[in-house]
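Bear in mind that the values in this text are calculations on the coordinates, not laboratory data. These figures come from a predicted structure and were not determined experimentally. No Cβ is skipped: glycine too gets one built from the backbone with ideal geometry, and neighbour counts run over all protein chains shown.
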Amino acid sequence: MRFLLTRLFLAMYYCPAHLSLHTLLSSCTATIEFNTKMASLNMVLSLFISVLVSSLMVSSASNFYNDFDITWGDGRAKILNNGQLLTLSLDQASGSGFQSRNEYLFAKIDMQLKLVPGNSAGTVTAYYLKSNGSTWDEIDFEFLGNLSGDPYILHTNVFSQGKGNREQQFYLWFDPTADFHTYTILWNPQRIIFSVDGTPIREFKNLESMGVPYPKNQPMRIYSSLWNADDWATRGGLVKTDWSKAPFTASYRNFNANACAWSNGVSSCGTSNSMTNSWLSEELDSTSQERLQWVRKNYMIYNYCTDANRFPQGFPPECNLS
């Protein structure tokens with residue numbers, strides 16, 4: 001019965017309306033079968049193209065050979081697993097680092113990191129965006145190592161026109177050395193949002209109307225490095241790097257960039273689909289705002305906007321809105 005009703009519906013759809021029911025079911029069979037087969041073929045082709053495009057997007061978004069150059073370290077940085085994994089190492093002679101091939105003017109950047117395990121005191125794993133020149137812009141994630149059993153400190157900062165001094169620091173709610181976790185920088189014309197595993201930890205808004213410089217005119221590259229900073233990184237430099245634990249290694253995977261690539265003064269976003277670039281106007285919804293406040297309440301350990309000793313003449317204007 002269901003089969004007959006289906007054929008009747010298709011006949012009424014594909015064949016002329018003046019025909020009798022018997023003629024519909026007999027004379028239009030070929031038309032029905034042809035159109036049904038074409039519909040099925042189109043569906044299969046659409047599905048195939050969708051899967052193919054998705055697979056190409058995934059492979060191009062996560063291959064370190066395509067997206068990055070190792071810039072220093074004399075062999076201490078390695079790209080492994082056919083471009084799916086990158087490792088940086090540090091020993092007493094040298095650290096190591098890499099940078100993106102592309103420059104970006106606004107981006108949403110994801111990278112999964114697994115940090116140096118064990119006694120990582122004195123080491124810093126940096127992952128950041130930075131432009132060139134003496135009045136550079138910069139957006140920083142820095143992971144400050146610590147003694148075994150003590151938590152990492154996640155250090156963030158925003159520079160605009162060469163001026164920083166906007167440090168906020170956090171503990172993490174998990175062990176960042178046990179597995180990979182996703183660290184995201186969203187940088188669009190309205191705001192910068194730092195996130196960890198999808199949870200926002202910091203928002204820096206564009207407050208140029210209040211005289212606060214905002215990074216919006218200088219394209220930046222992605223940089224990352226693992227280096228020795230035992231003169232300041234752990235307890236203000238009191239705890240030094242234990243070189244008997246070297247080499248220290250940090251690992252990277254699953255890089256993804258929704259970004260406006262900058263080349264010869266032209267942005268790739270000028271001709272891109274607006275739906276693809278929805279991150280360019282992305283902001284925190286009410287749920288994300290609640291999660292941000294949860295992090296600030298439970299895991300923030302330093303905020304320049306509450307350090308009166310650094311600003312005896314008054315806090316920076318953006319602090320009045322924090």
Legend entry - Qualifying lysines (Cα of each under 19 Å from Cα of residue 245; at least 8 residues distant if same chain): 114
Legend entry - Integer Hz, Karplus 6.51/-1.76/1.60 couplings in order for region 246-260, x for Gly and Pro: 6, x, 8, 9, 10, 10, 9, 7, 6, 5, 8, 10, 9, 8, 9
Legend entry - Cα-based reach from residue 130 at 20 Å (exclusive), listing lysines while leaving out same-chain residues under 8 positions away: 108, 163, 205, 216
Legend entry - aspartates and glutamates whose Cα lies under 13 Å from that of residue 78, excluding same-chain neighbours fewer than 8 positions away: 69
Legend entry - Sparse-neighbourhood loop sites, GluC sites (Glu not before Pro) in region 249-322 - DSSP loop, at most 16 other Cβ within 10 angstrom: 282, 283
Legend entry - Low-density loop cleavage sites - chymotrypsin sites (Phe, Trp or Tyr not before Pro) in region 205-234, where at most 16 other Cβ are within 10 Å (DSSP): 232
Legend entry - Normalised contact order of region 128-268, rounded percent, pairs of Cα under 8 Å and 6 or more residues apart: 18
Inset, instruction - Identify the trypsin sites (Lys or Arg not before Pro) of region 235-272 meeting these criteria: DSSP loop state and at most 16 other C-beta atoms within 10 Å of the C-beta. - result: 240
